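Inspection log for the structure reproduced underneath, given as structure tokens.
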Amino acid sequence: MTLAPYACHPDHSRGRRFAQPPAPTRTEFQRDRDRIVHCTAFRRLVYKTQVFLNHEGDLFRTRLTHSLEVAQLGRSMARSLSLNEDLVEAIALAHDLGHTPFGHAGQDALNACMRPFGGFEHNLQSLRVVDTLEERYPEFDGLNLCFETREGILKHCSAINAQTLEQLEPGGVGRRFLDRTQPSLEAQLCNLADEIAYNAHDIDDGVRSGLISLAQLQQVPLVDDFRRQILAEFPALGERSQGRRLLYETIRRMLSAQVNDVMAASSQAIERAAPADLAAVRQLPALIQFSEAMAARSQVLKSFLLHQLYRHSQVMHTTRLAQQVVQELFAIYQAQPAEMTEGFAARSTALAGTADEATARARVVADYIAGMTDRFATREHERLSGQRLLP
Ligand code: MG
């Protein structure tokens, strides 16, 4: 498979923070992907919420299945745009490693707890997982991934955190947020694959959970145009018993339409801008994109999901309980660091008497909580507070 001149070539990688000899049979990005799949944080994704709590149903997406769907969509688009599939796969599989338990509810609660100590951002935490928190190698902390993989993982970053990163690693992955330049096309592609994946699977999970209905989705043209098209072709799918099949076919066509749209719009943008190489890509506006029409349609769907699903009273109820679990766990570990597992308790103890001790200790607690699965957080909370808030 030939890569486009503006794709990320593994042989031209900006390398790893700790130099390592090349692997005999794998490219550098394939090696990154393998390191990610074998890491502990990756296995925990299976027990972390996407929208529905992990235990609410066996068929709903978790962060793991979401990440696999992003990788699948990303790879197939990368292939047809002659971009680096392996890099896209590595970024996609790692992009959510820093997510807290309980989805966005957990992230918001932890961010609120950490506000006096520099805040909490899940993208930055994903980078922290692969740079620092994984302990698997004798010579270094983290997974020692390539620059291009780390750059893709850090999808967003506040200016203040970018400045901190820049101090630690001059010209590194924080730089582009200060210069306002773009990452590789592979990283850009992962962002859109992420969006396409969650829009589609949240409809699927939302409808199957009974919280939203295909009938309600008639206000969303991106979904409803396909529903009507399918019913015209297969009138029998209008039967109640065929509802699932109608749902899946609708989502399938919607996914294909979005993927085809991204590929067409991005190819055109690439052709127009004609970047000679990756360095040129970085200086241009984002080239991986929806067409304007699709971006508008996708926006309508996102806003529907926000109001009808993510803010559904039933989801909000669990959201509030999940936030309480995170807030109370944070307060307890802050007061009693020895209640954390050994490694984290030791990290906290070692900070005694150092400069910025309170901030550094809070970060240890945040790292510990962010790494938890939904059920571990629920049980820990019950053990420490005597109260079971979630099933
Ligand atoms: Mg995601």
_I'd like the full set of residues that are surrounded by fewer than 18 Cβ atoms within 10 Å (Cβ to Cβ) and among the polar types (S, T, N, Q), limited to segment 14-29._
Gln20, Thr25
*asked:* Exactly one condition in (1) among the hydroxyl-bearing types (Ser, Thr, Tyr); (2) open to solvent by 30 Å² or more (accessible area, probe 1.4 Å); (3) more than 19 Å from Arg61 (Cα to Cα) is false for Ser209; which is it?
replied: (3)
_Verdict on Gln163 being more than 16 Å from the ligand (Cβ to nearest atom), among the polar types (S, T, N, Q), assigned to a helix (DSSP H, G or I) and closer than 30 Å to Arg244 by Cβ_ = no
*Test set (1) open to solvent by less than 30 Å² (accessible area, probe 1.4 Å); (2) without any contact (Cβ under 8 Å) to a residue 40 or more places away in the chain - Ala338 fails condition number*: (1)
*Is it true that some residue in segment 84-107 is within 16 Å of the ligand (Cβ to nearest atom), surrounded by 24 or more Cβ atoms within 10 Å (Cβ to Cβ) and aromatic (Phe, Trp, Tyr)?*
yes
*Count of segment 1-18 residues which are modelled with pLDDT under 95 and either among the aliphatic types (A, V, I, L, M) or in the same structural domain as Leu287 (by TED's automatic domain parsing) (or both)*: 1
*Here are Phe234, Phe226: which of them is aromatic (Phe, Trp, Tyr), away from the ligand (no atom under 16 Å from the Cβ), touching a residue at least 24 places away in the same chain (Cβ under 8 Å) and in the same structural domain as Arg297 (by TED's automatic domain parsing)?*
Phe226
*Is segment 316-324 home to any residue that is within 26 Å of Val223 (Cα to Cα) and out of contact with any strand residue (DSSP E or B) (no Cβ under 8 Å at 6 or more places or on another chain)?*
yes
*asked:* Scan segment 170-186 and tell me whether some residue there is outside any loop (DSSP other than H, G, I, E, B) and of a type in the set (S, T, N, Q).
replied: no
*Within segment 363-374, is even one residue at pLDDT 95 or above and basic (Lys, Arg)?*
yes
*Hey, could you check segment 65-83 for residues that are surrounded by 17 or more Cβ atoms within 10 Å (Cβ to Cβ) and charged (D, E, K, R) and say which is farthest from the ligand (Cβ to nearest atom)?*
Arg75
*Answer yes if at least one residue in segment 124-141 is crowded, with 16+ Cβ neighbours inside 10 Å, among the polar types (S, T, N, Q), closer than 19 Å to Ala366 by Cβ and under 18 Å from the mean Cα position of the chain (by Cα), and no otherwise.*
yes
_Residue within segment 308-320 that is among the aromatic types (Phe, Trp, Tyr) and either farther than 22 Å from Arg128 by Cβ or open to solvent by 50 Å² or more (accessible area, probe 1.4 Å) (or both) present_ = yes
*asked:* Looking at (1) closer than 29 Å to His381 by Cβ; (2) under 16 Å from the mean Cα position of the chain (by Cα), which one does Ala200 not meet, given that it meets all the others?
replied: (1)
*Does segment 188-205 hold any residues that are surrounded by 24 or more Cβ atoms within 10 Å (Cβ to Cβ) and more than 12 Å from the ligand (Cβ to nearest atom), and which are they?*
Leu189, Ile203
*Is at least one residue of segment 276-286 hydrophobic (A, V, I, L, M, F, W, C), in contact with an Asp or Glu (Cβ under 6 Å, 6 or more places away or on another chain), assigned by TED's automatic domain parsing to the domain that holds Ser256 and open to solvent by less than 70 Å² (accessible area, probe 1.4 Å)?*
no
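The values are calculated or read from the model by the stated rules, or taken from the named source; none is laboratory data. Everything numeric here is computed off the predicted structure, so don't read it as measured data. We place every Cβ from the backbone using ideal geometry, glycine too, and count neighbours over all the protein chains shown. Just so you know, the surface numbers come from the protein's heavy atoms only, side chains and all, with ligands and any DNA or RNA stripped out. Shrake-Rupley method; radii C 1.70, N 1.55, O 1.52, S 1.80 Å.
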